[in-house]
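Asker: I have a structure I would like to understand better, so I am pasting it below and will then ask my questions one at a time.
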Amino acid sequence: MADRLDQPREVRGSLLPRVPRLRPDTLGRASEGIARFLGTPRFIVYLTVFCAAWLAWNSWGPVDLRFDKAENGFTALTLMLSLQASYAAPLILLAQNRQADRDRVAAEQDRQRAERSLADTEFLAREIAALRIAMGDVATRDFVRSELRDLLEEIVRSRDEEPDAEPEPPARA
């Protein structure tokens, strides 16, 4: 049956237990949680209480129940603290790397946002400049008033020069 390629292989049992599949981000999130906890005063208090209880029990506890002798320099406590430090350092580094990646993404997004804002600002500046140029060709209120005043003065002068003539009504457009 091994030579048949149109059928799947038989599933063989393994001696090792099957490892569950984790999402790629699970370990990173766990390491960040641990690193955050390691940086808190609560952790320092817990570690201090643990070490004090360990030292007190192994110094003043019943002699036959002591498990880490003071004569040996509390070797087990030293090994446990070394083990804790050896796991804490890589977890902290992993959390720092993840934070650096997030900072890099945020910086890139900020840069893109700044570029868009600069482009929008330049566009608005060009539009304002175009409006100012166009406004130079448009009659302003003061210009229209001065033109109307000049026309009124011209009408008054023409009336004063011809007192007998009847004024013609102005033509409406």
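The values are calculated or read from the model by the stated rules, or taken from the named source; none is laboratory data. Values in this document were obtained by computation on a predicted structure and should not be read as measured data. Cβ placement follows ideal geometry from the backbone for every residue including glycine, while neighbour counts extend to all protein chains displayed.
Asker: If a residue must be surrounded by 10 or more Cβ atoms within 10 Å (Cβ to Cβ), part of a helix (DSSP H, G or I) and not small (G, A, S), how many such residues does segment 61-101 contain?
Answerer: 20
Asker: When residues of segment 137-151 are filtered for being surrounded by 10 or more Cβ atoms within 10 Å (Cβ to Cβ) and among the basic types (K, R), how many remain?
Answerer: 2
Asker: Can you tell me which residues in segment 6-30 are at pLDDT below 85 and within 15 Å of Q96 (Cβ to Cβ)? Working first, answer last.
Answerer: Taking segment 6-30 as the starting set, the residues that turn out to be at pLDDT below 85 are 6-28.
Selection gives L27, G28.
Asker: Can you tell me which of R132, R145, R116, R98 is modelled with pLDDT of 95 or more and either basic (K, R) or touching a Lys or Arg at 6+ places or on another chain (Cβ under 9 Å) (or both)?
Answerer: The unique qualifying residue is R116.
Asker: Would it be correct to say that T78 is among the hydroxyl-bearing types (S, T, Y) and under 30 Å from L27 (Cβ atoms)?
Answerer: yes
Asker: Could I ask something else about it? Which condition breaks for A53 when tested against (1) surrounded by 10 or more Cβ atoms within 10 Å (Cβ to Cβ); (2) within 20 Å of A88 (Cβ to Cβ)?
Answerer: A53 satisfies every listed condition except (2).
Asker: How many residues does segment 46-105 contain that are among the acidic types (D, E) and within 18 Å of R36 (Cα to Cα)? Full working, then the answer.
Answerer: Filtering segment 46-105 for residues among the acidic types (D, E) gives 64, 68, 71, 101, 103.
Okay, now just the ones that are also within 18 Å of R36 (Cα to Cα), so 101, 103.
So the answer is 2.
Asker: All but one of (1) surrounded by fewer than 11 Cβ atoms within 10 Å (Cβ to Cβ); (2) modelled with pLDDT under 90 hold for V105, so report the exception by its number.
Answerer: (2)
Asker: Turning to a different aspect of this structure: Select, from R42, R23, R18, R9, the only residue that is in a helix (DSSP H, G or I) and either among the acidic types (D, E) or out of contact with any Asp or Glu (no Cβ under 9 Å at 6 or more places or on another chain) (or both).
Answerer: From the options R42, R23, R18, R9, the qualifying one is R42.
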